[in-house]
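Data block below; observations after.
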Amino acid sequence: MTTAVSLAARRRASRRAAAPAPRWSRPALWAVLAAAFVLYAWALSGYANEYYAAAVLSGTKSWKAFFFGAIDAGSYITVDKPPFALWVMGLSARVFGFGTWSMLLPQAVAGVAAVALVHSGVLRAYGDARQGHVAALLAAVVMTLTPITVAINRDNNPDTVLVLLLVLAAWFCLESLRTGRLRSLLLCALFVGLAFNTKMLQAYLVVPAFALAYLVCARGAVARRIGHLLAAGAVMAVSSAWWMVIVDLWPAASRPYVGGSTDNSVWDLVIGYNGLGRIFGQGGPGGGGFGGGGGASFGGESGAGRLFNAIMAGQISWLLPFCALALAFAALTRWIDRRAGAEGAAGAQDDTTVTRLAARDQGETPAAPPAAGAREGASGAAWLVWGGWLAVHYVVFSFSSGTFHPYYTTAMAPAVAAITGMGGVLMWRAFRRTRAWAWVLPVAVAVTGGWSFAVLRRTPDFVPWLAWAVLAATVLAVAGLALARLVLAGRGRLAARVAVGALAATLVAGLAGPAAYALSPLGSQVNGTNPTAGPSAGGMGFGPMGGTRPGGLPPGQYGAFRGGRPPEGMQPPQDGLPQDGQNGQEALDDGRGGRMTGGPGGGVSASMVTYLLAHQGRAEWLVAVDSAQQASSIILSTGEPVIAMGGFTGSDPAMTVDRLKELVSSGRLRYVLSGGDRGGPGRGDSEVSTWVRQNCAAVDGQDGLYDCSAALS
């Protein structure tokens, strides 16, 4: 009891010793969070990525489909990701009814929560010192305005939930290093495991940074740290594997096929399609799906410059040069501090080098490191966590040969934001307090503004004046900083005013470009399959998947609904036909004067859907189609289960002739829409397509549709 009282007293004393928060800090944070919510939730419409939207709708109709993450309510095949993000949206849809807002609003809220957590994580790294509020606010602004983050937070892809879970993990990792509590480290591991159940191995990209930071910076002996890491590893393993183990142990005959796998196991999905296949290419080790790694064309060729190419630069690269300089400068100052014999635990050391150098410049005796409650800079652990996060993601995203979408890079945004905030404060302190390192901030501003100008000039028709405004702001910022430091040094008030003006110009130089890109998704339909922000810079393609235009696969909707009414929360297209431009894709001509939509290699006309609804009878599934691209559109427009025989890409071996015979003979399936020779992965002369053409009756007037009800009679 005495010990507990003593600890409580120490905590109260520590809080009293900490510098009070500036008056502006809380209102400024709420303003940023409000802006983030507007950016992420303004004018949401449509179903975003219909592949995931269909799974969310199906999960509201069947708890089995909900648990497994099946694309259809009949639970024939799952999506090619674990279902945690679908559970978040699905629970909302079950409570409020399925629709755009019930599905996408949780995504927007998750994005805002991630911004708040980045702010909190950066602030705590400073021990609540005044400069921590500046760094944290700057980090929150950068996180909010990262273009690809705005685009993906308006979408239903799992990356938004992934980022929130990883930021939660980073927050608890830093908290464990700040307080020394094992419980916080175990919670960090728990959230990494939940992130694994959102997007599998991508969640583990943060683990090296967390482990290194804890091993280097945690309190206690090395053996104790290793023991804690092993305990955290056990928690992470359990929280990662529980769903996978349940699915793989479940009898295959009574659960859906695991979409994206080659052998109907989650383990194969982890190692292959969502694992080594992403690194080495789908045709490489462990790869599955469509071959050759051609999907890398979504984000351009792999290599050190991928994140700076015409496709990727406007999405994430704006502040990467600044982050590189900030990390290098932070490492340099800490190395100098070590050489100077700075004392204290490795993880508890502060950015004291700037203070020491300032003292040397003025011929004074270097001061001792400040107390924890009066910390002058971000903790070393924070630099390791966020810096390691950014470095690992940069290497993996740049050099992976498999399928790579631009929106994957939203996982870099928290690290970019945190490093920008901490680096900006570190450089400003060096600029103000030292002569030797005063040049670092102007150089960083010049490099950042110059790169922003270069990115904007790649698309000169997009806000044509903005690039020149950024260039002018960069010149003014650098000139103002130089003037304040070299010419007006010693003229306190005048130098301060010039420096403040230079800082304002610095913010324009660094943030105007990404802010303009971040605003662009608000005025356009959500492109669910491949969401991006800003103008098209050209060069984005779909590789072997085909695709008629950059930005998305043909999703579409249909005007036929069972009972003449759409599922709750849905609105039928006007005149019962898909409308031009719906979900960013023009309706296609079906060759008979009607309209059709669907995935590459085939389409489904509104008249065919009407026919299927009228003749489905007691069959469990409305129709079986080649791929999830076709199935998802029909599911969303009718609310009926549809079998996606080949999964997302059309190449999954989920359907066999024996399985098809079983479904037909039991009366659970009557119609099959065969791709025939219309091309596309997994279609054409497969055994299933051959059996259908030879044994089922072609339906008059419905191209590619076969009635198999009499095939086994």
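The values are calculated or read from the model by the stated rules, or taken from the named source; none is laboratory data. Keep in mind that what you see is a predicted model, and the values were worked out from it rather than measured. Using ideal geometry, Cβ is built from the backbone for each residue, glycine included, and neighbour counts are taken over all protein chains shown. These area figures cover heavy atoms from the full protein model, side chains too; ligands, DNA and RNA do not enter into them. Shrake-Rupley method; radii C 1.70, N 1.55, O 1.52, S 1.80 Å.
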Compute the whole-percent fraction of alpha carbon pairs in region 606-707 spaced more than 22 Å apart. 20
Segments 195-206, 265-276 sorted - mean Cβ within 10 Å per residue, highest first: 195-206, 265-276
3J(HN,Hα) from dihedral phi, region 221-234, Karplus parametrisation 6.51/-1.76/1.60, rounded to Hz, x for glycine, proline: 5, 4, 4, 5, 5, 5, x, 5, 5, 5, 5, 5, x, 5
Neighbourhood net charge (10 Å Cβ-Cβ; Lys/Arg +1, Asp/Glu -1) for GLU175: +4
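Tell me the carbon and sulfur percent of the accessible area for region 606-707, rounded to whole percent, probe radius 1.4 Å.
Details: 1620 of 3690 Å².
So the carbon and sulfur contribution to the accessible surface is 44 percent.
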Hull volume per residue for region 166-241, using the convex hull of the C-alpha atoms, in Å³ is 66
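Provide the packing ranking of 236-244, 638-646, i.e. peptides ordered by the mean count of other C-beta atoms within 10 Å per residue, highest first. Before the final figure, lay out each step's value.
Working: 236-244: 18.0, 638-646: 27.6.
Peptide ranking by packing, descending: 638-646, 236-244.
Could you work out the Kirkwood radius for region 32-78, taking every pair of different alpha carbons, averaging 1/r and inverting it, reported in Å? Let's see the in-between values first.
Working: mean 1/r = 0.0840 Å⁻¹.
Hydrodynamic radius (Kirkwood, Cα only) of region 32-78 equals 11.9 Å.
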Calculate the spin-label point distance for ALA21 paired with THR690, positioning each point 7 Å from the Cα along the beta-carbon direction, and give it in nanometres. 6.9
Listed by chain and number, the residues whose amide H is under 5 Å from that of ASN156, excluding neighbours fewer than 5 places away on the same chain and using placed H, are ASN49
For region 505-522, in order, what is each residue's ³J(HN,Hα) by Karplus, 6.51 cos²θ - 1.76 cosθ + 1.60 with θ = phi - 60°, in whole Hz (x at glycine and Pro)? 5, 4, 5, 5, 4, x, 10, 5, x, x, 5, 5, 5, 5, 6, 5, x, 5
Simple label model, 7 Å out from Cα along Cβ direction - VAL657 to LEU494, nm: 9.2
Stretched out fully, how many nm does the piece from ARG432 to TRP267 gain, at 0.36 nm a residue minus the Cα gap? 53.9 nm
Rotationally averaged projected area of region 380-439 (alpha carbon convex hull; nm²): 5.1
Other-chain or far-sequence residues with amide H under 5 Å of VAL604's (modelled H): THR597, GLY598
Solvent-accessible heavy-atom area per residue, rounded to whole Å², over region 606-707 at 1.4 Å: 36
Rounded to whole Hz and in sequence order, give me ³J(HN,Hα) for region 309-326 from the Karplus expression 6.51 cos²θ - 1.76 cosθ + 1.60, θ = phi - 60°, writing x for Gly and Pro. 7, 5, 7, 8, 4, x, 8, 9, 7, 3, 10, 4, x, 4, 4, 4, 5, 5
Debye intensity ratio I(q)/I(0), log10, region 438-535, q values 0.10, 0.22, 0.25 Å⁻¹ (C-alpha model): -0.34, -1.01, -1.17
Packing-based ranking, highest mean first, of 75-86, 698-709, 105-116 given that Cβ atoms within 10 Å are counted: 75-86, 105-116, 698-709
Virtual paramagnetic centre 7 Å along Cα→Cβ of ALA454, amide N under 11 Å, in region 319-338: 321
Computed FRET value (nearest 0.05) for LEU712 with LYS64, which takes r as the C-beta separation and R₀ as 25 Å: 0.40
